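**Student:** One structure, as structure tokens, below. Some questions next.
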Amino acid sequence: MKLSSAAVHRLAWLGLTASLATAPLDAGAQTAFKLHQVPPFMDLQNYTVSTFANAINRNGLMASGLYQQLGGGTSFRCDKTSCVDIPELGSQHHSSTSAEGINNAGYVVGTSPYEFMSRGYLFDGSTSKNLGAFSEGVCQGCNLSSVAHGINNLGQVVGAGETVDGPYRAFIWQGGTMTKLGTLGGDSSEARGINDRGDVVGESTLADGTTHAFFYRRGHELDDLRDLGTLGGSWSAGLCRQRSAAGDGLLDDGRGARRRLPSSTTAPA
């Protein structure tokens, strides 16, 4: 099966739904395969275990994993023949690591349990780096959580961090520095994707409590988020596809309806 570079493909493998938004793959990477033929998924006979694949890069490496119904789970970076276990950052309670995004260099981002919190991580193929939290509060973020959702080919990571006041705020992480983005007038925001230009998409609450997708243009003021509206409903979220250096935007209404945003919308002046 050939994967179109212009479409989002929904593939069901062993009860697994994978949303694939890919760059053109090499000819050798375009052959269809089944995830349950790859260790450690191939020996699964337990219907209390759910598997997932959240992202794939142009070389066919996937950010994937499994969850157990009774709690716990493991995330992996997989190719067609094997998987590498993504280690937890360290936890004092039973929890799971998620794998959310991957770039073309094979770096994976997601969220891991850490002490009694959760922290975004960056996995380089052997170790998981703690992305930290916002440096605020009496202990400069030592008791705050964070989550990571997306990474571009420059190593910039986006997600959301807990604030000392409680609500989460979108961030851009680069080289050890976590920069907080604003909101659309509400008290919370969350970044989902970033392209190679550094443009960010996600969702934010408005002053009336509803949630809309937002677009942030690299270099603009940190509170300068563009409201992308909805597809006719009351809720939307912004996703990002790394199909080119600029990337494509997707507007999701939370009910399965999605619309590609034209370049004039995803990259306003």
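The values are calculated or read from the model by the stated rules, or taken from the named source; none is laboratory data. Everything numeric here is computed off the predicted structure, so don't read it as measured data. When we count neighbours, we look across all protein chains shown, and the Cβ atoms used for this are built from the backbone with ideal geometry, even at glycine.
**Student:** Check off (1) free of Cβ contacts under 8 Å to residues at least 40 places away in the same chain; (2) not in a loop (DSSP other than H, G, I, E, B) for residue 120 and give me the number that stays unchecked.
**Tutor:** (1)
**Student:** Out of region 114-131, which residues are of a type outside the set (Ser, Thr, Tyr) and either over 15 Å from the mean Cα position of the chain (by Cα) or buried (at least 23 other Cβ atoms within 10 Å of the Cβ) (or both)? Explain how you work it out, then say what you get.
**Tutor:** Taking region 114-131 and keeping what is of a type outside the set (Ser, Thr, Tyr), we get 115-117, 119-120, 122-125, 129-131.
The answer is 115, 116, 117, 119, 120, 123, 124, 125, 129, 130, 131.
**Student:** Being acidic (Asp, Glu), over 26 Å from residue 130 (Cα atoms) and without any contact (Cβ under 8 Å) to a residue 60 or more places away in the chain narrows it down to one residue among 196, 187, 224; which is it? Let's see the steps before the verdict.
**Tutor:** Details: 196 fails: over 26 Å from residue 130 (Cα atoms); 187 fails: over 26 Å from residue 130 (Cα atoms).
So the residue among 196, 187, 224 that is acidic (Asp, Glu), over 26 Å from residue 130 (Cα atoms) and without any contact (Cβ under 8 Å) to a residue 60 or more places away in the chain is 224.
**Student:** Give the residues of region 216-269 that are touching a Pro at 6+ places or on another chain (Cβ under 7 Å) and either modelled with pLDDT under 80 or under 25 Å from residue 102 (Cα atoms) (or both), sorted by residue number.
**Tutor:** In the first step, residues of region 216-269 are kept if they are touching a Pro at 6+ places or on another chain (Cβ under 7 Å); the result is 217, 226.
Of everything in region 216-269, just one residue is touching a Pro at 6+ places or on another chain (Cβ under 7 Å) and either modelled with pLDDT under 80 or under 25 Å from residue 102 (Cα atoms) (or both), namely 217.
**Student:** Another one. Looking at region 154-200, which of its residues are in a loop (DSSP other than H, G, I, E, B), under 19 Å from residue 221 (Cβ atoms) and at pLDDT 95 or above?
**Tutor:** Within region 154-200, 156, 163, 181, 182, 183 qualify.
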